[in-house]
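The values are calculated or read from the model by the stated rules, or taken from the named source; none is laboratory data. These numbers were taken from a predicted model, which means no experiment stands behind them. No Cβ is skipped: glycine too gets one built from the backbone with ideal geometry, and neighbour counts run over all protein chains shown. Accessible surface is based on the protein model in full, side chains and every heavy atom, while ligands, DNA and RNA are left aside. Shrake-Rupley method; radii C 1.70, N 1.55, O 1.52, S 1.80 Å.
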Amino acid sequence: MKDGMERINRLFDEYDFPLNAIQIVRERLGDWFISGGKPTDGYVWQQARYLENLIRYGLAERKAVIE
């Protein structure tokens, strides 16, 4: 994976996160990109790790796969 945004998008596709967590990540990244940040910056990866920690601690659930 070449940038943190790819990882974040994959996590959002695969898991249901609490609404407040989604809002926090969107606000943080919005501010970051407005200030000139790039998708490959460490701060974006930090947000991906935040989402991964929510999964690890049981605060997000894997979405059901519909076949």
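Listed by first and then second residue, the pairs with beta-carbon distance under 6 Å, at least 6 apart or on different chains, first residue in region 39-63 and closer than 18 Å to residue 2 by Cβ, second acidic (Asp, Glu) and surrounded by 13 or more Cβ atoms within 10 Å (Cβ to Cβ), are 39/3; 40/3. When region 1-11 is limited to residues that are assigned to a helix (DSSP H, G or I) and open to solvent by 50 Å² or more (accessible area, probe 1.4 Å), the one that is farthest from residue 62 (Cα to Cα) turns out to be 6. Examine region 52-67 for a residue that is part of a loop (DSSP other than H, G, I, E, B), surrounded by 12 or more Cβ atoms within 10 Å (Cβ to Cβ) and at pLDDT 95 or above, and state whether such a residue exists. Yes, because at least one residue in region 52-67 is part of a loop (DSSP other than H, G, I, E, B), surrounded by 12 or more Cβ atoms within 10 Å (Cβ to Cβ) and at pLDDT 95 or above. Could you please tell me which pairs satisfy a Cβ distance under 7 Å, a separation of 6+ or placement on different chains, a first residue in region 15-29 that is touching a residue at least 24 places away in the same chain (Cβ under 8 Å), and a second residue that is part of a loop (DSSP other than H, G, I, E, B) and of a type outside the set (S, T, N, Q)? Short answer, once both residue conditions are applied: 15/60; 15/63; 16/60; 16/63; 17/60; 18/59.
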